[in-house]
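**Student:** Quick one: the structure is below, questions incoming.
The values are calculated or read from the model by the stated rules, or taken from the named source; none is laboratory data. All values derive from a computational prediction rather than experimental measurement. Here Cβ is always computed from backbone atoms with ideal geometry, including for glycine, and neighbour counts include all displayed protein chains.
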Amino acid sequence: MSGVFITFEGSEGGGKTTQVSLLAEALRARGHDVVETREPGGTSIGQTLRQLLLRPHTGRPTDTLAPSAELLLMLADRAQHIHEVILSGLQAGHIVLCDRYADSTTAYQGYGRGFDLAEVAQLNAFVCGVCRPQLTFVLDLPVAVGMERAQERRGTAAVDQFEAASVSFHERVREGFLAIARAEPERVCLIDATQDIEAVHTAVLAGVRKHLPTLL
Ligand SMILES: Nc1ncnc2c1ncn2[C@@H]1O[C@H](COP(=O)(O)OP(=O)(O)OP(=O)(O)O)[C@@H](O)[C@H]1O
Ligand SMILES: [Mg+2]
């Protein structure tokens, strides 16, 4: 595959969506073909799965996904996304920028929900196959700051299952992303997401220059 696969990871409100679009703009300005996509919901079928995964939180058991159902729907979304979007983008030689990917499953369903990390890694490997990111940005910030940003952006819309989860859940998710960054420094670039948008973008560009120097 001749393309380049870059993912953005981290807790809610860290600025992933904002930074994907800024990096896409910078790469396009240098003449690259860029595919911007996201999980869950990067395909039409995935949009339906996203609605199930991020439905408004009511607290009623009949409205709440079983943790294993949540894990499997996330993986189903990824399988469809790779099949329809990511693989073809990489085979066409494009730069694929993905807002959340396999590390989010490790952090949320592994560290957060408590599924065995080795089992989650096996499932991710089964679904991802050769579609592994060359570079991943983890946008890190304290849980309270991320929740505040996500809340401001949401306005009066209902909270989803993840936003409704406990602070300790979100702390475990953050720890999960930090552990991934520590374990794979050759792939993962950890960025302090409490900085302003421009400073984070500058750090992202520096990460691309360091890890993938031919792109910029
Ligand atoms: N560095 C920053 N400083 C302050 N506010 C920011 C920063 N980056 C993004 N924001 C704002 O915080 C909110 C969340 O940003 P964004 O949607 O990019 O985060 P996200 O990581 O994609 O969140 P989610 O995981 O919930 O999709 C937005 O209103 C955005 O404008
Ligand atoms: Mg986002």
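**Student:** Working carefully through the options ASP140, ASP192, find the one that is farther than 26 Å from ASP63 by Cβ, among the acidic types (Asp, Glu) and surrounded by fewer than 18 Cβ atoms within 10 Å (Cβ to Cβ).
**Tutor:** After applying the criteria, what remains is ASP192.
**Student:** Which members of the range 172-211 meet the condition of being touching a strand residue (DSSP E or B) at 6+ places or on another chain (Cβ under 6 Å) and not in a helix (DSSP H, G or I)?
**Tutor:** Those that are touching a strand residue (DSSP E or B) at 6+ places or on another chain (Cβ under 6 Å) and not in a helix (DSSP H, G or I): ARG187, VAL188, CYS189, LEU190, ILE191, ALA193.
**Student:** Looking at the range 154-163, is at least one residue within 30 Å of ALA206 (Cα to Cα) and either under 17 Å from the mean Cα position of the chain (by Cα) or modelled with pLDDT under 95 (or both)?
**Tutor:** So far as the range 154-163 goes, no, none of its residues is within 30 Å of ALA206 (Cα to Cα) and either under 17 Å from the mean Cα position of the chain (by Cα) or modelled with pLDDT under 95 (or both).
**Student:** Return the residues of the range 80-128 that are over 22 Å from GLY176 (Cα atoms) and of a type in the set (Gly, Ala, Ser); say none if nothing qualifies.
**Tutor:** Selection gives SER88, GLY89, ALA92, GLY93.
**Student:** Among the residues of the range 135-148, which ones are within 19 Å of LEU23 (Cβ to Cβ) and over 14 Å from the mean Cα position of the chain (by Cα)?
**Tutor:** Looking only at the range 135-148, we keep the residues that are within 19 Å of LEU23 (Cβ to Cβ), and these are 135-141.
Across the range 135-148, the qualifying residue is only LEU141.
**Student:** For ALA150, are the conditions met, namely being under 23 Å from CYS189 (Cβ atoms), part of a helix (DSSP H, G or I) and within 16 Å of ligand 2 (Cβ to nearest atom)?
**Tutor:** yes
**Student:** Also: Identify the single condition in (1) of a type outside the set (A, V, I, L, M, F, W, C); (2) touching a residue at least 24 places away in the same chain (Cβ under 8 Å); (3) surrounded by fewer than 22 Cβ atoms within 10 Å (Cβ to Cβ) that TYR108 does not satisfy, given that it satisfies every other one.
**Tutor:** Of (1) of a type outside the set (A, V, I, L, M, F, W, C); (2) touching a residue at least 24 places away in the same chain (Cβ under 8 Å); (3) surrounded by fewer than 22 Cβ atoms within 10 Å (Cβ to Cβ), only one is false for TYR108: (3).
**Student:** Which one is surrounded by the most Cβ atoms within 10 Å (Cβ to Cβ), of the residues in the range 1-59 that are among the hydrophobic types (A, V, I, L, M, F, W, C) and within 16 Å of ligand 2 (Cβ to nearest atom)?
**Tutor:** Checked the range 1-59; the qualifying residue surrounded by the most Cβ atoms within 10 Å (Cβ to Cβ) is PHE8.
Conditions tested, residue by residue: (1) away from ligand 1 (no atom under 16 Å from the Cβ); (2) under 24 Å from ASP192 (Cα atoms); (3) free of Cβ contacts under 8 Å to residues at least 60 places away in the same chain.
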{"position": "ILE6", "(1), (2), (3)": "no, yes, no"}
{"position": "GLU12", "(1), (2), (3)": "no, yes, no"}
{"position": "GLY15", "(1), (2), (3)": "no, yes, no"}
{"position": "LEU22", "(1), (2), (3)": "no, yes, no"}
{"position": "ALA29", "(1), (2), (3)": "yes, no, yes"}
{"position": "GLN51", "(1), (2), (3)": "no, no, yes"}
{"position": "PRO67", "(1), (2), (3)": "yes, no, yes"}
{"position": "LEU73", "(1), (2), (3)": "yes, no, yes"}
{"position": "ILE86", "(1), (2), (3)": "yes, no, no"}
